[in-house]
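Notes for the one structure printed next.
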Amino acid sequence: MKSNSVNKKKKDNRSAESSTYGIIGSNMSFAASEAFKVLRTNLMFSIPTSEEKDYRVIGVTSSLKGEGKSTTAINLAYTVAQSGQRVVLIDADMRLPAINRRLQIRQSPGLSNLLARLCKANDSVVQSTLHENLYVIPAGDIPPNPAELLGSSYTEAVIKALSAAFDCIIFDLPPISSVADGLVISNLLDGMVVVVRQDYCDTASLAETMRQLEFLKVKILGFVLNCGDTSDNKYKYKNRYGYGYYKKPYRNDYYSEYKADKGEPMLAFDKNSSSDADGGGVV
C-alpha cells in the first residue's frame, strides 16, 4: 500500500513535461527522442546558416486540427535546445492557443500583445523549465484578427529582433485547412514542417495543404508522421483542438492602446541575458 501511495504521489507531481496533453521534453520515450533528434539533424542540414544569416526560422503546421502539431513543435524546440542552440518557440495559433497549457505557463502577455505593440519584447518572453536554452512566446490575448496581426510588417521586425538573441525561431502555426494565419507569414520562414496524423488526415486535405504551400513557394522541410496512440512507448498526442466560434468574446478595446507610430519597435532582445520561468523576459 505504501509503495502504491508513493507511486501515486510521484504521478500527481509530474511536471509540465508529462502533462495530459502529451509526452513532451525529457519524458519522451527513447524511440520518440531519437526520432526528434533525426528531425533536428535533417532540419539543420536543410537550412544552412551563414555570416549574413546566422539563425533559422521554422514553421510547424498540419492540414487538420488534432494532428499533433503543437506537441511536435514543443518537442522539436526542446530537441534543438538540447544541441546547445538558444531557441524561442512562438505560439502563433492565436485563435486557440495550446503551448501555454502544455507547458503550464501564462498565456498573456504574448505574441498578440507584442504585435499590437501593447507590451515590450522582454515582457512577452518566458523561459521554459524544459531546458535552459528554450524560451517561449505564448499566444497572448486572443485578438479579433490574428491573420492581420501576423501579416503586418511588424512581424518581420519582431523576427529580426529575435534573431539577435536566438539561434532558432520555431512557430507553432494553425492548421492550413482551417485558417489562413499560417500562410500569411510563410514568406518569413526558412521552411515548413507538416505534421500528418496516421489514419486521421485524409488524402484530399493533405493534397490541398501541399497545393497551398507550393503555390506560395514555401519550402517544405519535411513531414512528421504522428502515429497517435502508440502504447508500446506511451507517446501520445491528445487531440483537444477545434476551430470555429469562440465562447469568450473579443475585447472591444484590444487596439485602444495600439502604437501606430512607425518609429523603432519596442524590441530589445539580448543574447547574453537571462530570464526566469515565471514570466520574465529576455531584456
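The values are calculated or read from the model by the stated rules, or taken from the named source; none is laboratory data. Note that this is a predicted model, so its numbers are computed, not measured. All Cβ positions, glycine included, derive from the backbone under ideal geometry; neighbour counts span all protein chains shown.
Looking at segment 145-176 only, could you name the residues that are of a type in the set (Ser, Thr, Tyr) and either in contact (Cβ under 8 Å) with a residue 40 or more places away in the chain or in contact with a Leu (Cβ under 8 Å, 6 or more places away or on another chain) (or both)?
Across segment 145-176, the qualifying residues are Ser152, Tyr154, Thr155, Ser163.
Would you mind stating whether Ile142 is in contact (Cβ under 8 Å) with a residue 24 or more places away in the chain and farther than 22 Å from Asp54 by Cβ?
Answer is yes for this residue.
Applying the selection to segment 86-120, what residues are surrounded by fewer than 22 Cβ atoms within 10 Å (Cβ to Cβ), farther than 17 Å from Pro143 by Cβ and of a type in the set (A, V, I, L, M)?
Result: Ile105, single match.
In segment 70-85, what residues are touching a Lys or Arg at 6+ places or on another chain (Cβ under 9 Å) and surrounded by 20 or more Cβ atoms within 10 Å (Cβ to Cβ)?
If the condition is that a residue be touching a Lys or Arg at 6+ places or on another chain (Cβ under 9 Å) and surrounded by 20 or more Cβ atoms within 10 Å (Cβ to Cβ), then Ser70, Thr71, Ile74, Leu76, Thr79, Val80 are the ones that fit.
Would you list the helices (runs of 4 or more DSSP H) that sit entirely within segment 30-113 and hold 1 or more residues that are under 28 Å from Tyr154 (Cβ atoms) and among the basic types (Lys, Arg)?
Helices (runs of 4 or more DSSP H) meeting the threshold: 69-82, 99-103.
For (1) at pLDDT below 50; (2) surrounded by 16 or more Cβ atoms within 10 Å (Cβ to Cβ), each residue gets a yes or a no:
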| residue | (1), (2) |
| --- | --- |
| Val6 | yes, no |
| Ser15 | yes, no |
| Ser19 | yes, yes |
| Phe30 | no, no |
| Leu39 | no, yes |
| Thr49 | no, no |
| Arg56 | no, yes |
| Leu64 | no, yes |
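Which residues, taken from segment 120-146, are within 16 Å of Val158 (Cβ to Cβ), part of a loop (DSSP other than H, G, I, E, B) and of a type in the set (Val, Ile, Thr)? If you could, list the steps in order and put the result at the bottom.
Of segment 120-146, the ones within 16 Å of Val158 (Cβ to Cβ) are 120-126, 135-140, 143, 146.
Checking which are part of a loop (DSSP other than H, G, I, E, B) leaves us with 120, 125, 138-140, 143.
If the condition is that a residue be within 16 Å of Val158 (Cβ to Cβ), part of a loop (DSSP other than H, G, I, E, B) and of a type in the set (Val, Ile, Thr), then Val125 is the only one that fits.
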